[in-house]
Amino acid sequence: MPFIELESNLPANRFSEDLINKLCCAAATILDKPKERINVTVKAGQLMMVGGSMTPCAQLVVSSIGVVGTAEQNKQHSAKFFEFLTQELGLTADRILIRFYPVEKWQIGKNGTVMTFL
């Protein structure tokens, strides 16, 4: 059950439903998870600074069980997410940061319990 959180100082009108759906599909492919399990949050119009500059930028946070726990996994994921984000947002790679967080089944609640028991 991956969680994809994209924050950007780009205006909200740059994030159409179609773009958010594309991000969901890209994450599903990159992380090898069903699209129905991907959770996407987009926060546009944020006050953000990357590398000492407030020019257009984005930060992506990827949290998931089992697929973001090693440097090798994240190196592969990073390349694919950067390709998607640079294409779709029109940003250069130096204006994008990605943070990967492995989570355990007991850290995600669903249907009144945690994923450990589902």
The residue that is nearest to residue 116 (Cα to Cα), considering only those in the range 47-65 that are without any contact (Cβ under 8 Å) to a residue 60 or more places away in the chain and surrounded by 14 or more Cβ atoms within 10 Å (Cβ to Cβ), is 61
Those residues of the range 88-118 that are assigned to a helix (DSSP H, G or I), open to solvent by 80 Å² or more (accessible area, probe 1.4 Å) and more than 19 Å from residue 50 (Cα to Cα) come to a total of 4
Counting only strands (runs of 3 or more DSSP E) wholly inside the range 1-68, the ones holding at least 2 residues that are touching a Cys at 6+ places or on another chain (Cβ under 9 Å) and on the phi < 0 side of the Ramachandran plot are 3-8, 39-43
What pairs can you find where one residue is in the range 77-91 and of a type in the set (Val, Ile, Thr), the other is exposed (fewer than 15 other Cβ atoms within 10 Å of the Cβ), and their Cβ atoms are less than 7 Å apart, with a gap of 6+ or different chains?
86/92; 86/93
Go through the range 8-28 residue by residue and tally those that are open to solvent by 50 Å² or more (accessible area, probe 1.4 Å) and touching a residue at least 40 places away in the same chain (Cβ under 8 Å).
2
Name the residue that is nearest to residue 91 (Cα to Cα), counting only residues in the range 1-60 that are acidic (Asp, Glu) and under 12 Å from the mean Cα position of the chain (by Cα).
7
Can you name every residue in the range 77-118 that is farther than 14 Å from residue 5 by Cα and of a type in the set (Ser, Thr, Tyr)?
78, 86, 92, 113, 116
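The values are calculated or read from the model by the stated rules, or taken from the named source; none is laboratory data. Quantities reported herein were computed from a predicted structural model and do not represent experimental measurements. Quick reminder, even Gly has a Cβ in these numbers, built from the backbone with ideal geometry, and neighbours come from all protein chains shown. Quick note on the areas: whole protein, heavy atoms, side chains included, nothing else; ligands and nucleic acids left out. Shrake-Rupley method; radii C 1.70, N 1.55, O 1.52, S 1.80 Å.
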